[in-house]
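Peer 1: The structure follows.
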Amino acid sequence: MQDELAKRLVQGLRGAGIKMVTYLPETRLSQIVPLIRNDPEMELIAAASEQEAVTIAAGATLGGKQAAAYMENTGIYVSSYSLLTVGKQLGVPILLIVGYLGGVADQRNSFLYATIGKHTIPVLEGLGIDYMIVEDGEKLEVKVNDAVRAANSLRGPFALLFAGEFSL
């Protein structure tokens, strides 16, 4: 991902009211990590697993901070229990910032991620989690704001799947 896209993504998160981001490092969107870490208005919390990241983000949201969990799409599978029980059943809005590995628009798509990419959207739909695929920087900040507003309106997780320009 280009540095300018990383900066705009973090600006979009801040503008949408995200105060905390939990994460398990991945490669596609990793440029946002130091930007969030150095932002005095945001808190960055590393997690041991995506399930832990979702649970921490949910706890922060319940405590009054709008939070997001950042992961690659394999993390959707790992965190599905927390997404269902905390996110959906308890109605906790959490923005999921997801590197969409193996999807059609993944510019580094390989056989390692093709199966994961093929099943990401069906898994999200099976969990009842709404999503938006973001392939370029056009109206990026608006898309982030829309996703946070949707999570709050729907009272549950909402996934932004980043591919295309974000996967370079």
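The values are calculated or read from the model by the stated rules, or taken from the named source; none is laboratory data. Source: prediction; values computed, not measured. Positions of Cβ are backbone-derived with ideal geometry, glycine not excepted, and every protein chain shown enters the neighbour counts. Please note that ligands, DNA and RNA were not included when accessible areas were found on the heavy atoms of the full protein model with its side chains. Shrake-Rupley method; radii C 1.70, N 1.55, O 1.52, S 1.80 Å.
Peer 1: Please list 3J(HN,Hα) in residue order for the stretch 68-75, calculated via the Karplus relation 6.51 cos²θ - 1.76 cosθ + 1.60 where θ = phi - 60°; whole Hz, with x for glycine and proline.
Peer 2: 10, 10, 10, 6, 8, 5, 4, x
Peer 1: Rounded to the nearest 20 debye, what is the charge dipole size of the chain about its Cα centre when +1 sits on each Lys and Arg Cβ and -1 on each Asp and Glu Cβ?
Peer 2: With only Lys, Arg, Asp and Glu charged at Cβ, the dipole is about 340 debye.
Peer 1: Something else now. Could you calculate, for the chain, the ratio of the Cα radius of gyration to the Kirkwood radius, expressed as Rg to Rh? Don't skip to the answer; put the middle values down first.
Peer 2: On the way: Rg = 14.1 Å, Rh = 15.3 Å.
My calculation puts Rg/Rh at 0.92.
Peer 1: Sequence gap of 8 or more, or different chains, plus Cα separation below 25 Å: how many lysine pairs satisfy both in the chain?
Peer 2: Qualifying lysine pairs in the chain: 14.
Peer 1: Per residue, how large is the accessible surface of the chain? Use a 1.4 angstrom probe and give square angstrom.
Peer 2: Dividing the accessible area of the chain by its residue count gives 44 Å².
Peer 1: Ok, one more. Under 5 Å between amide H atoms, partner at least 5 residues away or on a different chain: which partners does Glu72 have, H built in plane at 1.01 Å?
Peer 2: Residues meeting the criterion, in which the H sits 1.01 Å from N, are Gly99.
Peer 1: How many nm separate the modelled label positions at Gln2 and Tyr81, each set 7 Å beyond the Cα in the direction of the Cβ?
Peer 2: Distance between the two pseudo-spin positions: 4.2 nm.
Peer 1: Rg/Rh for the stretch 1-98 to two decimals, with Rh computed the Kirkwood way over all alpha-carbon pairs.
Peer 2: Numbers: Rg = 12.5 Å, Rh = 13.2 Å.
Here the Rg-to-Rh quotient is 0.95.
Peer 1: Let me ask something else about it. Using the Cα centre of the chain as origin and beta-carbon charges of +1 (Lys, Arg) and -1 (Asp, Glu), tell me which of Thr120, Ser79, Phe162 is placed farthest towards the positive end of the dipole.
Peer 2: Ser79
Peer 1: With the full set of protein chains in place, find how many percent of the accessible area of the stretch 5-120 is carbon and sulfur; take the probe as 1.4 Å. All intermediate terms of the calculation are to be shown ahead of the outcome.
Peer 2: On the way: 2760 of 4900 Å².
That fraction is 56 percent.
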